[in-house]
Amino acid sequence: MAAARLNRLFKLKPLLASPPTTLLHPLIRRGFCAAALDSDDDVRFFGGLSHNPTFSIRRDPKERSVQWVFLGCPGVGKGTYASRLSHLLGVPHIATGDLVREELSSSGPLSEQLAGIVNQGKLVSDEIIISLLSKRIENGEAKGESGFILDGFPRTIRQSEILERVTDIDLVINLKLREDILIEKCLGRRMCSQCGGNFNVASIDIKGENGKPPICMAPLLPPPNCASKLITRADDTEEVVKERLRIYNDMSQPVEEFYRRRGKLLEFDLPGGIPESWPKLLQALNIEEHDDKQSLAA
Ligand code: AMP
């Protein structure tokens, strides 16, 4: 099955779809030269696939939906901004953490194995993650989805290399925030057990010092009907969050350099909460919201 799913990942065919926005960022306009595939060893290693993938997927970025990646430490807000952009651009937001949690909450064969890894803040194996991702892309493709905003993948150099071999990533947005705030935000994270909505009860108000600007982030409180159904992720304890940050610095920070060297990395320091950061992020991406989408920035 893994081979078949990975096979589908290779065949991912971006379709023409104009986003309801004006995209002007130079990284988006430039187009990307695909690295020549000289071996499918990685593919055999992870999926047992033994054929040479075709690369018709490497189309001119102007003729297909965006293929973006969000990088950043746990708690930085990748999910929040990836989800907003996905609505705005009309492309799916694919968070590998969500795929892992779905698998965890199922009674599937992987569930028990994953719980031990995730609850300790460790990374799941590349093989499992790629299998879950391939399945998600396959299902989306069957529903007519095109393009994607990836959140939480790639997280290792190995994953980045595999992704680079199977498709073109147009842009990688690296969200950044101070580590003490990241910890507070992870500890304040809540989810509605019924609707799956994400909230945050942390109220960040840090004064500027040593030339650093002040930073305020208001809590993102749930509506009354979710308030009594809030749950905390098992991996959002202080000990596990610190371990996840350590693993990010070890395993995932090199991914930033991987994309920096390829000229695809857009660094974005979050200036505050959603009301301050969202318009600035759109500005950095040179995205103009149309009037009918203005409510997204509210
Ligand atoms: P997240 O919601 O992105 O913080 O992910 C939750 C957990 O899922 C992580 O701590 C990892 O255990 C696992 N996970 C998510 N994405 C990946 C990935 N790309 N590689 C390995 N493990 C992952």
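The values are calculated or read from the model by the stated rules, or taken from the named source; none is laboratory data. Keep in mind it's a predicted model, so treat the numbers as computed, not measured. With ideal geometry, Cβ positions are generated from the backbone for all residues, glycine too; neighbour counts draw on all protein chains shown. We work out accessible area using only protein heavy atoms, side chains counted, and drop any ligands, DNA or RNA first. Shrake-Rupley method; radii C 1.70, N 1.55, O 1.52, S 1.80 Å.
So is Arg189 at pLDDT 95 or above and open to solvent by 70 Å² or more (accessible area, probe 1.4 Å) or not? It is false that Arg189 is at pLDDT 95 or above and open to solvent by 70 Å² or more (accessible area, probe 1.4 Å). Among the criteria (1) open to solvent by 60 Å² or more (accessible area, probe 1.4 Å); (2) modelled with pLDDT under 95; (3) closer than 26 Å to Glu102 by Cα, the one Gly197 does not fulfil is (1).
Somewhere in region 209-225, is a residue assigned to a helix (DSSP H, G or I), crowded, with 18+ Cβ neighbours inside 10 Å and not acidic (Asp, Glu)? No, region 209-225 contains no residue that is assigned to a helix (DSSP H, G or I), crowded, with 18+ Cβ neighbours inside 10 Å and not acidic (Asp, Glu). Residue count for region 74-100, restricted to those that are in contact with a Ser or Thr (Cβ under 9 Å, 6 or more places away or on another chain), closer than 20 Å to Tyr259 by Cβ, open to solvent by less than 30 Å² (accessible area, probe 1.4 Å) and not aromatic (Phe, Trp, Tyr): 5.
Taking every residue in region 120-141 that is among the small types (Gly, Ala, Ser) and pairing it with any residue that is in a helix (DSSP H, G or I) and away from the ligand (no atom under 11 Å from the Cβ), at least 6 positions away or on another chain, the pairs with Cβ-Cβ distances below 6 Å are Ser131/Ala2; Ser131/Arg5; Ser134/Arg5; Ser134/Leu6; Ser134/Arg8; Ser134/Leu9. Number of residues in region 72-129 that are among the hydroxyl-bearing types (Ser, Thr, Tyr) and within 11 Å of the ligand (Cβ to nearest atom): the value is 2. Scanning region 144-178 for residues that are within 13 Å of the chain's Cα centre (by Cα) and of a type in the set (Asp, Glu) gives a single hit, Asp151. Hey, can you tell me all the residues within region 138-164 that are open to solvent by 30 Å² or more (accessible area, probe 1.4 Å) and more than 10 Å from the ligand (Cβ to nearest atom)? Result: Glu138, Asn139, Glu141, Ala142, Lys143, Gly144, Glu145, Ile157, Glu161.
Of all residues in region 267-288, none satisfies being exposed (fewer than 13 other Cβ atoms within 10 Å of the Cβ), under 30 Å from Ser125 (Cβ atoms) and at pLDDT 95 or above.
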